[in-house]
Amino acid sequence: MTVLLEMTLRPDATEAQSIISETLAQTRAYSGNEGIEVLVDDDDSAKLVVVETWESTAHHAAYAEWRTTPEGQNRLGEIVAAPPVKRIFSETLDI
């Protein structure tokens with residue numbers, strides 16, 4: 001399954017690169033994560049899409065629950081202009 005996390009960074013987010021790297025290192029290490037990629041919008045480098053691939057919906061659900069705990073907290077809130085938008089895709093079309 002795939003998760004897209006769309007974020008817009010604040011213009012004054014000078015620590016964005018390190019905060020994103022730190023946060024995604026934790027995501028990458030979480031059980032069931034199969035990969036992460038960060039895409040930067042060609043027209044606006046403050047707009048990012050994080051593409052996460054997970055072994056299953058259950059693995060991602062456990063990860064999302066962990067992020068609500070004190071151990072799973074991150075600093076993304078310090079660098080985003082608005083709450084990120086998360087889109088979850090667990091079904092594909094045969095084409």
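Restricting attention to segment 40-52, which residues are among the charged types (D, E, K, R) and exposed (fewer than 12 other Cβ atoms within 10 Å of the Cβ)?
ASP42, ASP43, ASP44
Applying the selection to segment 5-14, what residues are surrounded by fewer than 18 Cβ atoms within 10 Å (Cβ to Cβ) and closer than 19 Å to GLY72 by Cα?
none
Kindly indicate the residue of segment 58-94 that is in contact with a Lys or Arg (Cβ under 9 Å, 6 or more places away or on another chain) and more than 10 Å from MET7 (Cβ to Cβ) and also least open to solvent (accessible area, probe 1.4 Å) among those meeting that condition.
ALA64
Suppose we filter GLU22, GLU55, GLU34 for residues that are in contact (Cβ under 8 Å) with a residue 12 or more places away in the chain, open to solvent by 80 Å² or more (accessible area, probe 1.4 Å) and out of contact with any strand residue (DSSP E or B) (no Cβ under 9 Å at 6 or more places or on another chain); which single one remains? Give the steps one after another, and end with the answer.
Working: GLU55 fails: out of contact with any strand residue (DSSP E or B) (no Cβ under 9 Å at 6 or more places or on another chain); GLU34 fails: out of contact with any strand residue (DSSP E or B) (no Cβ under 9 Å at 6 or more places or on another chain).
On inspection, the qualifying residue turns out to be GLU22.
The values are calculated or read from the model by the stated rules, or taken from the named source; none is laboratory data. Note that the structure is predicted; figures quoted are calculated from it, not measured. Please note: Cβ atoms are built from the backbone with ideal geometry, for glycine as well, and neighbour counts cover all protein chains shown. These accessible areas exclude ligands, DNA and RNA; they are computed on the full protein's heavy atoms, side chains included. Shrake-Rupley method; radii C 1.70, N 1.55, O 1.52, S 1.80 Å.
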